[in-house]
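Written out below as structure tokens is the structure these notes cover.
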Amino acid sequence: MRSIKAVTGYHIQATDGEIGHVENMLLDDHTWAIRYLVVDTSNWWGGHHVLVAPQWIQRVSWAEATVSVDVTRQAVKDAPPYDSAAQLDRQQEMGIYEHYGRPGYWTTKANRESAADRH
């Protein structure tokens, strides 16, 4: 187990190249589950912050300080922008998951797939 702080600043590696770095993480207030990585793409697309779900992480390399995710650079570039000053609601979450073409963590299908991955 590692600290959230340890991953802050790690480079995000998409399936087709680097896309930014981990700026922060968003936690569920009720379950304390990590719901999203806040990705800063300012070195690529001028200050754009987006959210990427931890379920899409393929691997974390502590030695290389990278987080590899199962999304493309283009998908991140076109993702809905994240505004840390605004409260994230379910409608916005649905838009994020729809954009990436993934079932939401709150859906029965996503819960079954997550449980299947653990076994």
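The values are calculated or read from the model by the stated rules, or taken from the named source; none is laboratory data. What you see is a predicted model, and the numbers here were worked out from it, not measured in a lab. Heads up, the Cβs are rebuilt from the backbone with ideal geometry, glycines too, and the neighbour counts pull from every protein chain shown. Heavy atoms of the whole protein, side chains included, go into the accessibility calculation; ligands, DNA and RNA do not. Shrake-Rupley method; radii C 1.70, N 1.55, O 1.52, S 1.80 Å.
Observations on the model:
- Hits in the stretch 58-71 - residues which are closer than 12 Å to Ile12 by Cα and part of a loop (DSSP other than H, G, I, E, B): Glu64, Ala65, Asp70, Val71
- The strands (runs of 3 or more DSSP E) falling completely within the stretch 1-49 that include 1 or more residues that are modelled with pLDDT under 95 and open to solvent by 40 Å² or more (accessible area, probe 1.4 Å) map to 17-27, 34-40.
- Cβ-Cβ under 7 Å pairs, at least 6 apart or on other chains, the stretch 91-106 side open to solvent by less than 70 Å² (accessible area, probe 1.4 Å), far side polar (S, T, N, Q) and assigned to a helix (DSSP H, G or I): Tyr105/Gln55
- Subset of the stretch 8-32 (residues that are among the hydrophobic types (A, V, I, L, M, F, W, C) and touching a residue at least 40 places away in the same chain (Cβ under 8 Å)): Ile12, Ala14, Ile19, Val22, Leu26
- Candidate set: the stretch 72-98, residues that are closer than 14 Å to Trp44 by Cβ and part of a loop (DSSP other than H, G, I, E, B); chosen: the one farthest from the chain's Cα centre (by Cα): Asp78
- So Gln55, is it touching a Ser or Thr at 6+ places or on another chain (Cβ under 9 Å), part of a helix (DSSP H, G or I) and of a type outside the set (Val, Ile, Thr): yes
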